[in-house]
Each structure stands twice: as structure tokens, then as C-alpha cells.
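Worksheet: the structure to be examined is printed underneath.
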Amino acid sequence: MSTIEKSVTVEVPVRTAYDQWTQFETFPSFMEGVEEVRQLDDTHLHWRADIAGVHREWDAEIVDQTPDERITWRALGGTKNDGTVSFAPDELGSATRVTLRMEFEPEGIVEKTGDALRIIDRRTEGDLERFKQFIETRGTETGGWRGDVRPGDADNPAL
């Protein structure tokens, strides 16, 4: 299992950064290799990606979400891909520290080689930099979802 943790400071308030991150269907705009993210309901997403020429599709479930603080997800079946993105304001409240922590299990020789060469690590860093550029250029979010998801909620009976 591999773990990546990367951070970036974006020059927008926490609410703006958080609200934009909840717009999962915009992820292909700034995440390399992500072809499509479809939001199926408040807590379920379907992903399509091409990673180093390997096509992957998977479903993910949001298991913990607190507005302006964090979003935690887990992959449902297939390749392990779990993580948390967290949001913290700077002292003035005008910028936000976005921290992405992911745990994943590379499959096959291509992904294992990419992991060993830290390609996934660099890709994640690039994705955060592109998110920074995306939201700072816009200056405002494209939308937002302010709901709470708690582990063990009725919507998440498996937890």
C-alpha cells in the first residue's frame, strides 16, 4: 500500500475552495488522466480515468464530509483508493491550505513502476497546482454542496 500527502495554498477563502472541491464533475478540468467523474447521489461517485495508458473505472463513496473542513472517501471494490482532502484557513482567512492524503494499492506492473518512480506523487502535486490555478483564475466556485456526511449515517449503512 502507498500513501501520498500533498498540500497547496490557494488564494481564496475556505468556503470557496471547499465548495469548488465538492463539484466533482469539474475534476477532469484539473486532474491529469481523469476523464470523467459522475456524481450518482450525495455520497456516491463514478470515476473514469486513464493512468499511464491503463484505463480504470471505479465507484467511490463519501464516508465523512464536514463543510469547510474535510471530505473523506473510499473506493467501493476494485483498486484501493481511499483518502481525505482537508481545508484550513490562513490567519487572515483570505487563503486556504488544501491538503490531500490518499492511500492506494497499485495494480499491475505499470502502476507499480509508476509508484516506485514517484510518478503518482508528482501527478498528485500537479493536480493540486492545477486546482489552485483553476480556482484562483475563476475567483469563485462553480457551485457547492454544504451537506454533512457522518460515518455511520443512515445513508452509509455499511460503516
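The values are calculated or read from the model by the stated rules, or taken from the named source; none is laboratory data. For clarity, every value in this text was computed on a predicted model and none was experimentally measured. Glycine gets a Cβ as well: all are built from the backbone with ideal geometry, and neighbour counts include every protein chain shown. With ligands, DNA and RNA removed, areas are computed over all heavy atoms of the protein, side chains included. Shrake-Rupley method; radii C 1.70, N 1.55, O 1.52, S 1.80 Å.
What the table below lists for this structure:
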read-out	value
Those residues of the range 34-45 which are modelled with pLDDT of 95 or more and open to solvent by less than 50 Å² (accessible area, probe 1.4 Å), in sequence order	V37, T43, H44, L45
Test set (1) within 19 Å of F134 (Cα to Cα); (2) open to solvent by 30 Å² or more (accessible area, probe 1.4 Å); (3) part of a strand (DSSP E or B) - D68 fails condition number	(3)
Any hit, the range 93-108, residues being open to solvent by 70 Å² or more (accessible area, probe 1.4 Å) and at pLDDT 90 or above	yes
Options T22, T26: the member that is modelled with pLDDT of 95 or more and in contact with a Phe, Trp or Tyr (Cβ under 6 Å, 6 or more places away or on another chain)	T22
Residue count, the range 52-77 (criterion: over 25 Å from A17 (Cβ atoms) and either out of contact with any strand residue (DSSP E or B) (no Cβ under 9 Å at 6 or more places or on another chain) or basic (K, R) (or both))	4
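Results for (1) touching a residue at least 24 places away in the same chain (Cβ under 8 Å); (2) part of a strand (DSSP E or B); (3) surrounded by fewer than 18 Cβ atoms within 10 Å (Cβ to Cβ); (4) under 13 Å from the mean Cα position of the chain (by Cα), shown as yes or no for each residue.
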| residue | (1), (2), (3), (4) |
| --- | --- |
| E32 | yes, no, yes, yes |
| A49 | no, yes, no, no |
| H55 | no, yes, yes, no |
| I62 | yes, yes, no, yes |
| T72 | no, yes, no, yes |
| V85 | yes, yes, no, yes |
| A88 | yes, yes, yes, no |
